[in-house]
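First the structure, in the form of structure tokens, and then the observations on it.
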């Protein structure tokens, strides 16, 4: 049963796409993945509009001081296990806007990122690749969720003991 | 309770969700093919549901839990009653109770998306429930009984031949009940349609999985209801079911969403006119 659930996690990732201040270049490429040419539903991937249903958070664009709260909020609303994919030059590092006064930087300044997709704009193929890499991490995280809270906190407990 | 009844109940409880899940898988595959895509594997609905069971339990309040379970219980009960060849009206009321619990669960959360989805689900129920009653009354006028076992025992020709217009009305009601376009107003199975996710917005993880399983039971119930229209011959029954379900998927794919202001008057006027035309036909035949 547990192994089937773990297999299902990899076979049915629902992703939510958050536009964090992108120029829409990467957004169009993310949506292109849904079209008949790439058809990510082959892998069971659905683009949902609700963070409470999502497993993968795909973030495009730079994070700025206004929308970092919204990004954090969307991330917090997703139930575990969850992974984050940062898409495009802006999403990974801040891109050409990195030095701008209103920009915080890449997505990883605010929330933990599991896969980075480079490119400006990122190609649909590389976005799908990034999602597949994130799926590997999702399976690992899924096992940790099954372990339960005490096993998950084991490392912390050991750390405190050995201090 | 005889042995046959026990077997029928067990089949309704354990086999129905498997059939419903596979039908959902075929539905998604056919939908993808109609849109020129390859589509997900056949077992994708099962992967989805098991994944949802493995997710963290995240609730807004405890009402959601009881509402999800009550919705499941009501839908299981409708399929069990159908398998026991019980009274059509009783089945109808149990189905209505299930729908109400789905709405209550959505209304229990304060999210505006969930609230508006719940209101729309109520309008949808208001639209399809009178139509279902009209169909059941038509079946009663034709066969002289609301009880499915009596209909099967005493009525020896296909109901479709004497109730063709009421079958169209039933189709109308089922498009709404199956949450398909053009009437997927409260929520939709397709990505990017309803405001966030309509009535299902605040259900997540295992509770969403429970609602998905209830939806499989509902699909089986609906197919069973259609099967009643050709109960005399198994092959024609299967043909009728396949044609009806394919018709629903086709309509789902070629229609844009309509608003409730369109749905309510058109479903009611069309449904009433067709129902009464069919009643007159039955009346003339009896006279």
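The values are calculated or read from the model by the stated rules, or taken from the named source; none is laboratory data. Owing to the predicted nature of the structure, the values given are computational and were not obtained by experimental measurement. Positions of Cβ are backbone-derived with ideal geometry, glycine not excepted, and every protein chain shown enters the neighbour counts.
Some values worked out for this structure:
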read-out: Which listed residue, of B:34, B:43, B:52, B:84, is at pLDDT below 90, surrounded by fewer than 19 Cβ atoms within 10 Å (Cβ to Cβ) and within 10 Å of chain A (Cβ to nearest Cβ); value: B:43
read-out: Residue A:29 vs. criteria surrounded by 21 or more Cβ atoms within 10 Å (Cβ to Cβ), part of a helix (DSSP H, G or I) and at the interface with another protein chain (Cβ under 8 Å from one of its Cβ atoms); value: no
read-out: Listing of helices (runs of 4 or more DSSP H) fully contained in segment B:86-199 that carry 1 or more residues being over 29 Å from residue B:239 (Cβ atoms) and touching a helix residue (DSSP H, G or I) at 6+ places or on another chain (Cβ under 6 Å); value: B:88-108, B:112-143
read-out: Segment B:99-136, residues that are closer than 17 Å to residue B:272 by Cα and either in contact with a strand residue (DSSP E or B) (Cβ under 7 Å, 6 or more places away or on another chain) or without any contact (Cβ under 8 Å) to a residue 60 or more places away in the chain (or both); value: B:125, B:129, B:132, B:133, B:136
read-out: Residue check, residue A:36 in a loop (DSSP other than H, G, I, E, B), touching a residue at least 24 places away in the same chain (Cβ under 8 Å) and either more than 23 Å from residue A:120 (Cβ to Cβ) or more than 14 Å from the chain's Cα centre (by Cα) (or both); value: no
read-out: Test: residue in segment B:93-104 that is more than 19 Å from residue B:219 (Cα to Cα) and away from chain A (no Cβ under 14 Å); value: yes
read-out: Scan of segment B:47-58 for residues that are under 12 Å from residue A:4 (Cα atoms) and part of a loop (DSSP other than H, G, I, E, B), ordered by number; value: B:54
read-out: Residue in segment A:37-45 that is more than 12 Å from chain B (Cβ to nearest Cβ) and either touching a helix residue (DSSP H, G or I) at 6+ places or on another chain (Cβ under 6 Å) or modelled with pLDDT of 85 or more (or both) present; value: no
read-out: Breaking point among (1) within 12 Å of another protein chain (Cβ to nearest Cβ); (2) assigned to a loop (DSSP other than H, G, I, E, B); (3) in contact (Cβ under 8 Å) with a residue 24 or more places away in the chain, for residue A:17; value: (2)
read-out: Verdict on residue B:28 being more than 26 Å from residue B:203 (Cα to Cα), surrounded by 18 or more Cβ atoms within 10 Å (Cβ to Cβ) and within 11 Å of another protein chain (Cβ to nearest Cβ); value: no
read-out: Residue identified as over 18 Å from residue A:43 (Cβ atoms) and touching a helix residue (DSSP H, G or I) at 6+ places or on another chain (Cβ under 8 Å) among B:9, B:49; value: B:9
read-out: Single unsatisfied condition, residue A:90 versus (1) buried (at least 18 other Cβ atoms within 10 Å of the Cβ); (2) closer than 30 Å to residue B:111 by Cα; (3) touching a residue at least 60 places away in the same chain (Cβ under 8 Å); value: (2)
read-out: Residue that is within 14 Å of another protein chain (Cβ to nearest Cβ), over 17 Å from residue B:203 (Cα atoms), crowded, with 23+ Cβ neighbours inside 10 Å and modelled with pLDDT of 85 or more, where the choices are A:83, A:63, A:59; value: A:83
read-out: Conditions (1) within 22 Å of residue A:137 (Cα to Cα); (2) more than 8 Å from chain B (Cβ to nearest Cβ); (3) crowded, with 21+ Cβ neighbours inside 10 Å; number of the one not met by residue A:53; value: (2)
read-out: Verdict on residue B:205 being surrounded by fewer than 22 Cβ atoms within 10 Å (Cβ to Cβ) and more than 14 Å from chain A (Cβ to nearest Cβ); value: no
read-out: Answer from A:140, A:125 - the residue that is away from chain B (no Cβ under 14 Å), assigned to a helix (DSSP H, G or I) and out of contact with any strand residue (DSSP E or B) (no Cβ under 7 Å at 6 or more places or on another chain); value: A:125
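For (1) closer than 25 Å to residue B:247 by Cα; (2) under 22 Å from the mean Cα position of the chain (by Cα); (3) in a helix (DSSP H, G or I); (4) touching a residue at least 60 places away in the same chain (Cβ under 8 Å), each residue gets a yes or a no:
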site	(1), (2), (3), (4)
B:11	no, yes, yes, yes
B:16	yes, yes, yes, yes
B:22	yes, yes, yes, no
B:25	yes, yes, yes, no
B:30	yes, yes, yes, yes
B:45	yes, yes, yes, yes
B:60	no, no, no, yes
